[in-house]
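Student: Before I ask anything, let me first share the structure, which is written out below as structure tokens.
Rule-based calculations on the coordinates, nothing more; no lab input. On a predicted model such as this, the values are computed, not experimentally measured, just so you know. Neighbour counts are summed over all protein chains in view; Cβ atoms, including those assigned to glycine, are modelled from backbone coordinates with ideal geometry.
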Ligand SMILES: Cc1cc2nc3c(=O)[nH]c(=O)nc-3n(C[C@H](O)[C@H](O)[C@H](O)COP(=O)(O)O)c2cc1C
């Protein structure tokens with residue numbers, strides 16, 4: 001039995017949410033109903049100017065292996081000296097979780113809304129996704145890795161030249177108890193402005 005996040009109340013959830021490492025994630029992934037809920041909650045996010053400056057790319061089932069083949073070829077080109085073990089790890093990046101969602105930022109120049117704010121909205125969307133997953137008892141982790149920054153991988157995912165990967169959210173069932181990490185003390189981060 002894995003120890004998931006405390007879903008007994010909204011506050012308990014928010015106070016205990018933590019990631020499930022993709023290194024120990026397995027089947028099953030979210031059900032179609034759970035995925036729908038996760039996405040509904042994800043897009044309920046502050047969005048200055050209502051620009052919807054983000055979109056999502058879903059990887060499920062055989063598509064994860066198919067994309068893994070593309071990752072493998074690219075990795076081989078970048079690191080011709082790497083051996084079979086390294087190649088096979090890269091090829092299976094998306095196989096580590098049943099569902100992988102790429103969050104894509106479409107942020108760009110706008111007459112009123114700074115690009116920075118559009119990007120922040122995509123970050124908030126991603127965090128909403130983690131919270132929704134936690135509330136449903138679904139394990140989730142937000143990762144980037146080199147594939148989030150490689151132009152050829154991004155193109156293979158269908159991204160335009162101006163789009164950016166905010167992250168990949170890996171969703172599945174934790175295979176081990178969730179590990180927390182020390183959290184910053186908010187007091188230590190506050191400066192009280194007194195003029
Ligand atoms: C934008 C972004 C990218 C990240 N990329 C990675 C990554 O590639 N690999 C990794 O192990 N963790 C990555 N992390 C960290 C994890 O998502 C997460 O912070 C960590 O697993 C535990 O933190 P939590 O329990 O507070 O969620 C990233 C976090 C952010 C915000």
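Student: I'd like the distance separating the alpha-carbon centroids of segment 161-184 and segment 76-125, in whole Å.
Tutor: 12
Student: Only counting other Cβ atoms within 10 Å, I'd like 54, 146, 116, 193 sorted with the fewest neighbours first.
Tutor: 193, 116, 146, 54
Student: Taking Rh as the Kirkwood radius computed over C-alpha pairs, what is the Stokes-Einstein D of segment 1-109 at 4 °C in a medium of viscosity 1.567 mPa s, expressed in µm² per second?
Tutor: In µm²/s, the coefficient is 77.
Student: Could you work out Rg/(2.2 N^0.38 Å) for segment 102-195, with Rg from alpha carbons only?
Tutor: Dividing the Cα radius of gyration by 2.2 N^0.38 Å gives 1.38.
Student: Tell me the label-point distance for the pair residue 146, residue 7, using the 7 Å Cα-to-Cβ offset, in nm and rounded to one decimal.
Tutor: About 3.7 nm, to one decimal.
Student: In addition: Convex hull over the alpha-carbon atoms of the chain: what's its volume per residue in Å³?
Tutor: Value for the chain: 171 Å³ per residue.
Student: Okay, helix-only estimate at 222 nm for the chain: each DSSP H run of n ≥ 4 adds -39500 (n - 2.57), divide by all residues, round to 500 deg cm²/dmol; what do you get?
Tutor: -11500 deg cm²/dmol
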